[in-house]
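See below for the structure under consideration.
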Amino acid sequence: MYFEEAVRMLLANPVRTFLTIIGLIIGVGAVISIEVLGHSMAGSISETLGALADNSFIIFPGTMQGDFQKAAIRLSDLDAIKNSVPNIASATPVSGTDELIRYGHNLGRFFLSADSNPPFANTPIAYGRRISDDDIANAVDVTVISWKAYNRLFPAGGDPTGSSIYAGTHRYVVVGVRAQPRQGALNVTFGGDVSIPYTTYVREYVHGDRILAARFTVNDISTLPQTETAVINRIRELRQVGPDVRYQSFDKASFTQGINGVFSAITIVVALIGAVSLLVAGIGVMNIMLVSITERTKEIGTRKAIGARRGQILAQFFIESLMLSSIGCFIGMAIGLGIGGFVNSVFIIKLTGYTAPLPYAQAMAITAAFAAFVTAVFGTYPALRAAALDPIEALRYE
Amino acid sequence: MNNGNPHPAIVLRAITKTYKTGALEVPVLHGIDCNVARGEYVAIMGPSGSGKSTLMNIIGCLDRPTSGTYVLDGEDVSNLNDNALAEIRLKKLGFVFQGFNLLARTDAQKNVALPLFYAGINGRERQRRAMAVLDEVGLRDRAHHKPNELSGGQQQRVAIARALINDPAVLLADEPTGNLDTKTSADIMALFDKLHDGGRTILMVTHDEAIARRARRIIRLLDGLIVADEPSSLTVP
């Protein structure tokens, strides 16, 4: 009955109702659409990072420091670290070089990189296998190539394993092909296009002791951050440098955390914008409810004369505010989801090849919270005022 | 219609009402004593400022007397709080206003059923009882018309039906024909006669001598006092 009357009142003045809720529609619409976009951006970044192995981290000398050379990690440090720092399963150099790669008459310039087992990227394998421990132990001349390299070098398709490709005069036997990653403009390929065992790489390409960076895998993933610190400390000892020489580490978990931090910051900004629009829209709702109560003073007097209690008048106007703000908020939500979904399917999918599903539950929760907040804060006063009207005065009102 | 209930419908004893506007005290009623028996049909008359609206508000439980005792249908209602007064209006009183005061955009049946909603009665029962009272006022076939689709007389009938739906101890009518033409007024007065014949207690405020004479008893107020209380000289055949 209260709801029925509220609907009737709102429909009685459709233009006024619409103008009142338009602020809510815009506010909630903006918040929800940005929420959707943030959600799918974060989703696509973590999807991209998903190709990185969880149990590994990379240490490299911090850039932007005085004596960069002094900080350089040595190839010879790796065994020492592996033998002295607990929880380290493997320590391998991270390095790579641009090479002209040839198969038959097909040529392409690709990034040839050192890889280990488990591999740098856990991208699925389309043909053959990954680099094995045996390949590494014996520094065998084998390679796993990316889908991109495969397409260039083997345009005819088919299983290329067993074929030989050449980097200059070095010959490598293709033992595996990594599967095609999702298609997107921002797609990042981890691990290089032509991966060879790091031992092979060191033998063929590393001259001198200095390496770009080192990659470590751990046995126990739960203590990975502590292991990172221990490794950095060990490197400082080995290099005989103080804490002023900085090293940076990179692992999937902390990188993901960093990304999530950025999105939390965006979320806070959006929440602030939402709060302001909520305030403005809420004042609009309150204003129109006060106008409506003034217009219906005589009606309220009549209701009271025929026996409506204060609480019943209060409930009627409170529910009217609730309907008004709920309608506004849920239209806003629908529009927000619509805009978010559209931008997702038109732009974000092109950037990253991936979009997260629309966060319906989250959107519903945000919208319901908005509606409840606006009603509670801006609907209560008008309803109280209506309930407190003196029936005699109200009946006399023209 | 409360037959078998031994109490008079209305007992007023030494009712006074004084309005306070800042430091200024405006006495309006100076001591009203009056009984209205069950089934009586009474008109209250008096010029502007005589206090008849104030008296009507007190009898209608919209206002409390400054002093004195008001017993409605056996219950002392002189000093009840707002919600208790609302409850009394809901259960024991029916209001008919000069301007009908129907909810716009709401059909006759729902208008009539409104008091039952406030009494917490379910929708089906509300509908059934609203149809029964609309039948009583001869508007069964207009149940689903909205006020703007009804004539003034029909609207006032709907308002009367709304006043009757809770089976009130007293039906209060404030200038019920004030907004109606002569012929329609006659129709409404005929309906009041019929309700009186059916045993309803009716209290009506009016300026119109001819309308007042339709009642069986006329109370005349002047400057906050009852100056005359006599049977109506004109009896309707």
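Roughly how much of B:ARG200 is accessible, in Å² to the nearest 10, using a 1.4 Å probe?
Solvent-accessible area, nearest 10 Å²: 20 Å².
Any chance you could check the Cα centroid distance between region A:207-261 and region A:156-178 for me, in angstrom?
33
Calculated FRET efficiency, A:GLN69 and A:ALA265, Cβ-Cβ r, R0 41 Å, to nearest 0.05?
0.70
Which parts of region B:116-143 would a label at A:PHE3 reach, counting a residue when its backbone N lies under 15 Å from a point 7 Å out along Cα-to-Cβ?
Backbone N within reach: B:123.
Amide H neighbours of B:THR66 under 5 Å, at least 5 residues apart or on other chains, H built in the peptide plane: list them.
Amide H to amide H, under 5 Å and 5 or more residues apart or across chains, B:THR66 pairs with B:THR16, B:LYS17, B:THR18.
Leaving ligands and nucleic acids out of the surface, order A:LEU78, B:LEU24 by accessible area at 1.4 Å, largest first. Mind dumping the intermediate values first?
On the way: A:LEU78 5, B:LEU24 110 Å².
My answer, sorted largest first, is B:LEU24, A:LEU78.
Across region A:55-64, in residue order, what do the Karplus-derived ³J(HN,Hα) couplings come to in whole Hz, using 6.51 cos²θ - 1.76 cosθ + 1.60 with θ = phi - 60° and x for Gly and Pro?
9, 10, 9, 10, 10, 9, x, x, 6, 6
Can you list, bin by bin at 10 Å, the percent of alpha carbon pairs in region B:171-217, starting at 0?
27, 64, 9
Helix B:108-118 versus the longest principal axis of chain B: what is the Cα-based angle in degrees, 0 to 90, to the nearest 10?
That works out to roughly 60 degrees.
Could you work out the mean count of beta carbons from other protein chains within 10 Å of each residue's beta carbon in B:101-110? All intermediate terms of the calculation are to be shown ahead of the outcome.
Values: counts 8, 2, 6, 4, 5, 3, 0, 0, 0, 4.
That works out to 3 on average.
Along the charge dipole of chain A, which of A:PRO359, A:SER90, A:ILE313 sits closest to the positive end, that is, farthest toward it, with unit charges on the beta carbon of Lys, Arg, Asp and Glu (+1, +1, -1, -1)?
A:ILE313
Round to the nearest 10 and give me the degree value, 0 to 90, for the angle of helix B:82-92's Cα axis relative to the longest principal axis of chain B.
Roughly 60 degrees between the two axes.
Mind checking which aspartates and glutamates have their C-alpha under 12 Å from A:LYS298, skipping anything on the same chain fewer than 8 residues away?
Partners found: A:ASP390, A:GLU393, A:GLU398.
Let me spell out the model: positive unit charges on the Cβ of Lys and Arg, negative unit charges on the Cβ of Asp and Glu, origin at the Cα centre of region B:10-231. What dipole size does that give, in debye rounded to 20?
Rounded to the nearest 20 debye, it is 560 debye.
How big is Rg to Rh over region A:20-148, alpha-carbon atoms, Rh as the Kirkwood inverse-mean-distance radius?
1.15
For region A:1-60, state which GluC sites (Glu not before Pro) are in a DSSP loop and have at most 15 other beta carbons lying within 10 Å of their beta carbon.
none
Averaged over its residues, how many other protein chain Cβ atoms are within 10 Å of peptide A:289-301's Cβ atoms? Working shown, then result.
Values: counts 0, 0, 0, 0, 0, 0, 0, 2, 0, 3, 4, 0, 3.
That works out to 1 on average.
Amide H neighbours of B:THR201 under 5 Å, at least 5 residues apart or on other chains, H built in the peptide plane: list them.
Under 5 Å from the amide H of B:THR201 lie the amide H atoms of B:GLY39, B:LEU171, each far enough along the sequence or on another chain.
Tell me which lysines have Cα within less than 16 Å of B:LYS92's Cα, excluding those fewer than 8 residues away on the same chain?
Output for B:LYS92: A:LYS304.
List the pairs from B:LYS17/B:LYS194; A:LYS148/A:LYS350; B:LYS91/B:LYS146 whose alpha-carbon separation is above 23 Å, in the order I gave them. Could you put the intermediate results ahead of the total?
On the way: B:LYS17/B:LYS194 34 Å; A:LYS148/A:LYS350 18 Å; B:LYS91/B:LYS146 26 Å.
Among B:LYS17/B:LYS194; A:LYS148/A:LYS350; B:LYS91/B:LYS146, the Cα-Cα distance tops 23 Å for B:LYS17/B:LYS194; B:LYS91/B:LYS146.
Order these peptides, A:253-266, B:162-175, B:218-231, by their mean beta-carbon neighbour count within 10 angstrom, highest first.
Top to bottom by mean Cβ count within 10 Å: B:162-175, B:218-231, A:253-266.
Extension gain A:ALA275-A:ARG310, at 0.36 nm per residue separation less the Cα-Cα distance, in nm?
9.4 nm
Can you tell me the orientation of helix A:75-84 relative to chain A, as the angle in degrees between its alpha-carbon axis and the longest Cα principal axis, to the nearest 10?
70
What translational diffusion coefficient, in µm²/s and rounded to a whole number, does the Stokes-Einstein relation yield for chain B at 20 °C and a viscosity of 1.002 mPa s, taking the hydrodynamic radius as the Kirkwood radius over Cα pairs? Numbers along the way, then the final one.
Details: Rh = 18.3 Å.
Value of D from the Cα-based Kirkwood radius: 117 µm²/s.
If you build a Gaussian network model of chain A, linking Cα atoms that sit under 10 Å apart, which residue out of A:ARG236, A:ARG210, A:ARG309 swings the most?
A:ARG309
Per DSSP H run of n ≥ 4, the term is -39500 (n - 2.57); total these for the protein assembly as shown, divide by its residue number, and report the mean residue ellipticity at 222 nm rounded to 500 deg cm²/dmol.
Calculated from helices alone, the mean residue ellipticity at 222 nm is -15000 deg cm²/dmol.
Give the Rg/Rh ratio for the protein assembly as shown, taking Rg as the radius of gyration of the Cα atoms and Rh as the Kirkwood radius, to two decimals.
1.35
Heavy atoms of the protein only, probe of 1.4 Å, neighbouring chains included. What is the accessible area of A:LYS148 in Å², nearest 10?
Roll a 1.4 Å probe over it and A:LYS148 shows about 130 Å².
The values are calculated or read from the model by the stated rules, or taken from the named source; none is laboratory data. All values reported here derive from a predicted model rather than from experimental measurement. With ideal geometry, Cβ positions are generated from the backbone for all residues, glycine too; neighbour counts draw on all protein chains shown. Please note that ligands, DNA and RNA were not included when accessible areas were found on the heavy atoms of the full protein model with its side chains. Shrake-Rupley method; radii C 1.70, N 1.55, O 1.52, S 1.80 Å.
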